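Here the structure is laid out as structure tokens; the discussion comes afterwards.
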């Protein structure tokens, strides 16, 4: 019962945050809405018993990505122009609504092979073991990717 | 009504479509980046929900989600780098005026 209530509350926060990004004219308010959306997603991870991922979500999305986006808004000084849409707003709405209808139909009509097993808690040690044994190559590739991104960002922003 | 996999997947699909609509129609590049982040989050919700309900002992979906978060962090850092370089040379972040490659 509590889980049901928590799900609907967190889903509402997440979707409202996303809608605020789409409809607020002020980009700063849109960014604040985006932070609420990220926090809602972190709550959903806790509901799905993914404790490490919830902490990572708060640290990386709310702590780093949102701040980076707000820096971007401040450095470009275009907030007086608001948050306009291009000519494709209505066709885009129709296309994405059709995509959503198709995905919702597929999701609800598929018979999922739900496991009755209890979820693993806490997940941190199991995730670490998986990352450093089975997924060690993608893990190393991810660190190389981050290094490339750091160097690329420095080169791009340098005069 | 018990909350199940379908609830999370429909929420994920809805969030993804909201992000997609914004990414397709917004004119400010920062708004587009924000919408792409919403799409990443939607995919992560689906991954973690699959992990929780289909293979609860393996955590495969959560490992995927960690890699997606890594790629998202790299993407937003590079995206803002490109944005600032563009703003310095063109004085705008409006996609209607960023038409260097237009024939």
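The values are calculated or read from the model by the stated rules, or taken from the named source; none is laboratory data. This is a predicted model, so every value here is computed, not measured. Cβ coordinates were reconstructed from backbone atoms using ideal geometry, including for glycine residues, and neighbour counts include every protein chain displayed.
Please report, ordered by residue number, the helices (runs of 4 or more DSSP H) entirely within the range A:1-92 with at least 3 residues that are within 19 Å of residue B:71 (Cα to Cα).
Output list reads A:27-47, A:51-57, A:66-76.
Working only within the range B:9-34, note down all residues that are at pLDDT below 95 and more than 7 Å from every other protein chain (Cβ to nearest Cβ).
B:23, B:29, B:32 - these are the residues of the range B:9-34 that are at pLDDT below 95 and more than 7 Å from every other protein chain (Cβ to nearest Cβ).
Can you tell me which residues in the range A:130-147 are surrounded by 12 or more Cβ atoms within 10 Å (Cβ to Cβ) and more than 23 Å from the chain's Cα centre (by Cα)?
A:134
Check off (1) under 23 Å from residue A:36 (Cα atoms); (2) facing another protein chain (nearest Cβ under 7 Å); (3) surrounded by 22 or more Cβ atoms within 10 Å (Cβ to Cβ) for residue B:42 and give me the number that stays unchecked.
Unmet condition: (2).
If you scan the range A:75-94, which residues turn out to be within 22 Å of the chain's Cα centre (by Cα) and either surrounded by fewer than 18 Cβ atoms within 10 Å (Cβ to Cβ) or more than 17 Å from residue B:22 (Cβ to Cβ) (or both)?
The one that is within 22 Å of the chain's Cα centre (by Cα) and either surrounded by fewer than 18 Cβ atoms within 10 Å (Cβ to Cβ) or more than 17 Å from residue B:22 (Cβ to Cβ) (or both): A:93.
Applying the selection to the range A:36-63, what residues are surrounded by fewer than 19 Cβ atoms within 10 Å (Cβ to Cβ) and closer than 23 Å to residue B:27 by Cβ?
none
Within the range A:115-140, work out how many residues are over 22 Å from residue A:45 (Cα atoms), part of a helix (DSSP H, G or I) and out of contact with any helix residue (DSSP H, G or I) (no Cβ under 9 Å at 6 or more places or on another chain).
Number of matching residues: 3.
Looking only at residues that are facing chain A (nearest Cβ under 8 Å) and in contact (Cβ under 8 Å) with a residue 12 or more places away in the chain in the range B:57-70, which one is surrounded by the fewest Cβ atoms within 10 Å (Cβ to Cβ)?
Among them, the one singled out is B:69.
Hey, can you tell me all the residues within the range A:98-114 that are assigned to a helix (DSSP H, G or I) and either more than 7 Å from chain B (Cβ to nearest Cβ) or more than 23 Å from residue B:39 (Cβ to Cβ) (or both)?
Within the range A:98-114, A:98, A:101, A:102, A:105, A:106, A:109 qualify.
Assess whether residue B:78 counts as being at pLDDT below 90 and not in a strand (DSSP E or B).
It is false that residue B:78 is at pLDDT below 90 and not in a strand (DSSP E or B).
Would it be correct to say that residue A:58 is in contact with a helix residue (DSSP H, G or I) (Cβ under 6 Å, 6 or more places away or on another chain), closer than 26 Å to residue A:32 by Cα, more than 7 Å from chain B (Cβ to nearest Cβ) and at pLDDT 90 or above? I'd like the intermediate steps shown before the answer.
On the way: in contact with a helix residue (DSSP H, G or I) (Cβ under 6 Å, 6 or more places away or on another chain): yes; closer than 26 Å to residue A:32 by Cα: yes; more than 7 Å from chain B (Cβ to nearest Cβ): yes; at pLDDT 90 or above: yes.
Yes; evaluated as a whole, the condition is true for this residue.
Being under 22 Å from the mean Cα position of the chain (by Cα) and more than 7 Å from chain A (Cβ to nearest Cβ) is the filter here; which residues of the range B:73-89 pass it?
Across the range B:73-89, the qualifying residues are B:75, B:79, B:86.
Among the candidates B:17, B:35, single out the residue that is assigned to a helix (DSSP H, G or I), without any contact (Cβ under 8 Å) to a residue 40 or more places away in the chain and touching a strand residue (DSSP E or B) at 6+ places or on another chain (Cβ under 8 Å).
Only one candidate qualifies: B:35.
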